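Q: I'd like to ask you about the structure that follows.
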Amino acid sequence: MKIAFLGLGDIGSLMAAHLAREPFELVVWNRTQSKADKFAGIYKARVASTPADAVRGADVVITCLPSSVEVEAVLHGENGMLEALRKGAVLVDCTSGDPPTSRSIAAELGGRGVEFIDAPVSGGTTAAKSGSLTVMWGGEITVFERVRPVMEAFGKKIVHAGPVGAGDALKAVNNALLAVHILSAAEGLAILVKAGVDPKVGLDVINASSGRSNSSENLIPQRVITRAFPRTFRLALLEKDIGIAAVMAEDLSVKTPIISLTAERFHEAREKLGEQADHVEAVKIVEQENDVEIK
Ligand code: NDP
């Protein structure tokens with residue numbers, strides 16, 4: 001099976017690594033070609049010079065780009081995928097994209113005999129490395145069956161969310177909750193620091209109680225208390241995800257004041273901390289405003 005993988009970023013490169021083996025024949029493309037060359041130095045893959053070159057003759061094309069804006073650009077831009085995708089190919093977009101753009105791409109490709117599935121992932125770089133990502137996909141079951149072995153190469157829990165766009169919708173809501181939990185846990189711990197309670201003791205109790213979340217159980221102990229703040233998932237990408245959820249809420253007339261406020265706070269955090277900051281560094285705005293360190 002011929003696979004083209006476009007977008008060798010923090011998570012894309014780890015996902016593509018699982019496809020660099022039989023029965024797959026892998027071609028990779030990355031905007032910054034040195035990253036693709038480095039990848040092909042380690043794994044069995046051909047480096048394509050353009051998106052069109054990557055997808056020509058491919059059975060399955062996977063995109064893993066920051067947002068649907070870049071997917072559109074790689075599709076329609078100069079030497080883009082559109083003209084080179086063969087009839088019968090499937091585009092699996094693992095970007096955490098936005099539902100309306102995914103639906104419009106699916107409609108456009110459908111007119112050319114190319115299938116589309118939105119298939120965002122969760123589990124972060126750790127699950128990507130071990131090939132145990134959760135994949136939430138939107139589209140037709142008959143199309144999914146054709147790409148199942150590809151998704152199973154990097155995914156463990158693979159869930160049909162609904163029609164095209166449903167995977168993106170579910171991912172945006174999951175990540176909106178992640179963003180809320182990061183900031184709310186940081187705020188709670190800032191209160192405890194000021195109240196003279198050791199945040200490690202606070203976490204120990206919270207994690208045995210009903211206030212716990214992935215942020216309190218994993219992210220804060222491993223990355224904030226230790227002050228390690230490793231870069232695994234850019235804050236700018238989480239801001240994008242919570243923004244998608246906020247727009248969906250508006251479009252669907254769902255009142256979501258907590259998600260809207262968290263979206264504003266992540267926008268502020270991105271302005272202060274920059275494009276390369278990790279998502280967990282958002283706690284730093286809570287720390288700075290309150291003159292505390294959670295450690
Ligand atoms: P990164 O920011 O690490 O990588 C982004 C990739 O997109 C790079 O390959 C980059 O190329 C490429 N790119 C950026 N802009 C363009 C453009 N205009 N045209 C073509 N290529 C472009 O992102 P991640 O790998 O972390 O994330 C990819 C997707 O997966 C995102 O939608 C993210 O939300 C999602 N995701 C990420 C997770 C994580 O833990 N990191 C977890 C779950 C989902 P270049 O090398 O040239 O910059």
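The values are calculated or read from the model by the stated rules, or taken from the named source; none is laboratory data. These numbers come from a predicted model, not from an experiment. Note that each Cβ is placed from the backbone with ideal geometry, even for glycine, and that neighbours are counted across all protein chains shown. These area figures cover heavy atoms from the full protein model, side chains too; ligands, DNA and RNA do not enter into them. Shrake-Rupley method; radii C 1.70, N 1.55, O 1.52, S 1.80 Å.
Q: Lysines near Lys38 by alpha-carbon distance under 20 Å, same-chain residues fewer than 8 away left out - which ones?
A: Lys129
Q: Full-extension gain between Asn79 and Ser49, please, as 0.36 nm times their residue separation minus the C-alpha to C-alpha distance. Present the calculation step by step, with values, prior to reporting the outcome.
A: Values: separation 30, 0.36 × 30 = 10.80 nm, distance 0.95 nm.
Gain in length upon complete extension: 9.9 nm.
Q: Ok, one more. Using a cut-off of 26 Å between alpha-carbon atoms, which lysines can reach Lys295, once sequence neighbours fewer than 8 places away in the same chain are excluded?
A: Lys194, Lys200, Lys272, Lys284
Q: Here's something else I'd like to know. State the extension gain, in nm to one decimal, for the chain segment bounded by Ser260 and Ile42, taking 0.36 nm per residue of separation less the distance between their alpha-carbons. Before the final figure, lay out each step's value.
A: Working: separation 218, 0.36 × 218 = 78.48 nm, distance 4.27 nm.
Difference between extended and current length: 74.2 nm.
Q: Put a dot 7 Å past each Cα toward the Cβ at Glu140 and Lys272; how far apart are the dots in nm?
A: About 4.9 nm separates the two model spin labels.
Q: Would you calculate a helix-derived [θ] at 222 nm for the chain, using -39,500 (n - 2.57) for each DSSP H run of n ≥ 4 and dividing by the full residue count, to the nearest 500?
A: On the way: 12 runs with 142 residues, N = 295.
Helices in the chain give a 222 nm mean residue ellipticity of -15000 deg cm²/dmol.
Q: Additional query: In segment 43-65, whose amide N lies under 15 Å from the spot 7 Å out along Cα-to-Cβ of Glu22? List them in ranges.
A: 44
Q: Taking amide H atoms as placed 1.01 Å from N in the peptide plane, list the residues 5 or more away in sequence, or in a different chain, whose amide H sits under 5 Å from that of Gly57.
A: Counting only residues 5 or more places away or on other chains, the set is Arg86.
Q: Still on this structure, please answer the following. HN-Hα J couplings of segment 130-139 from phi, Karplus 6.51/-1.76/1.60, θ = phi - 60°, integer Hz, Gly and Pro as x?
A: Calculated HN-Hα couplings, in order: 8, x, 10, 5, 8, 10, 10, 10, x, x Hz.
Q: Here's a follow-up. How much area per residue is accessible in the chain when the probe is 1.4 Å and only protein heavy atoms are counted (Å²)? Write out the running numbers ahead of the final one.
A: Details: 13540 Å² over 295 residues.
Here the per-residue accessible area is 46 Å².
Q: Subtracting the Cα-Cα distance from 0.36 nm times the residue separation, let me have the gained length for Arg227 to Arg148 in nm, one decimal. Kindly include the intermediate steps, with their values, before the conclusion.
A: Working: separation 79, 0.36 × 79 = 28.44 nm, distance 3.97 nm.
The Arg227-Arg148 span can extend by a further 24.5 nm.
Q: Let me ask something else. How large a share of the accessible area of segment 217-295, in percent, is made up of carbon and sulfur atoms when the probe is 1.4 Å and the other protein chains stay in place? Let's see the in-between values first.
A: Values: 2140 of 4100 Å².
C and S fraction of accessible area: 52 percent.
Q: On to the next question. Tabulate in residue order the Karplus-calculated ³J(HN,Hα) for segment 285-295, using 6.51 cos²θ - 1.76 cosθ + 1.60 with θ = phi - 60°, rounded to whole Hz; enter x for Gly and Pro.
A: Once θ is set to phi - 60°, the couplings for segment 285-295 become 5, 5, 4, 4, 5, 10, 6, 9, 10, 8, 8 Hz.
Q: Then there's this: Under the Karplus relation 6.51 cos²θ - 1.76 cosθ + 1.60, θ = phi - 60°, what is the ordered set of whole-Hz ³J(HN,Hα) values for segment 152-167, x standing for Gly and Pro?
A: Running phi through 6.51 cos²θ - 1.76 cosθ + 1.60 with θ = phi - 60° gives 5, 5, 10, x, 10, 9, 10, 10, 7, 8, x, x, 3, x, 6, x Hz.
Q: How much of Ser260 can a 1.4 Å solvent probe reach, expressed as accessible area in Å² and rounded to 10?
A: Ignoring ligands and nucleic acids, Ser260 comes out at about 50 Å².
Q: DSSP loop trypsin sites (Lys or Arg not before Pro) in segment 64-105 with at most 13 other Cβ atoms within 10 Å of their Cβ, which ones?
A: On the way: sites: Arg86, Lys87, Arg103; in loops: Arg86, Lys87.
Of the trypsin sites (Lys or Arg not before Pro), the ones in loops of segment 64-105 whose Cβ has at most 13 other Cβ atoms within 10 Å are Lys87.
Q: Can you give the relative contact order of segment 156-260 as a percent, counting alpha carbon pairs under 8 Å and 6+ residues apart?
A: Working: 61 pairs, mean separation 36.5, N = 105.
So the answer I get is 35 percent.
Q: So if R0 is 41 Å, what FRET efficiency would Asp291 and Lys156 give, r being the distance between their Cβ atoms, rounded to the nearest 0.05?
A: On the way: r = 43 Å, r/R0 = 1.04.
Calculated value: 0.45.
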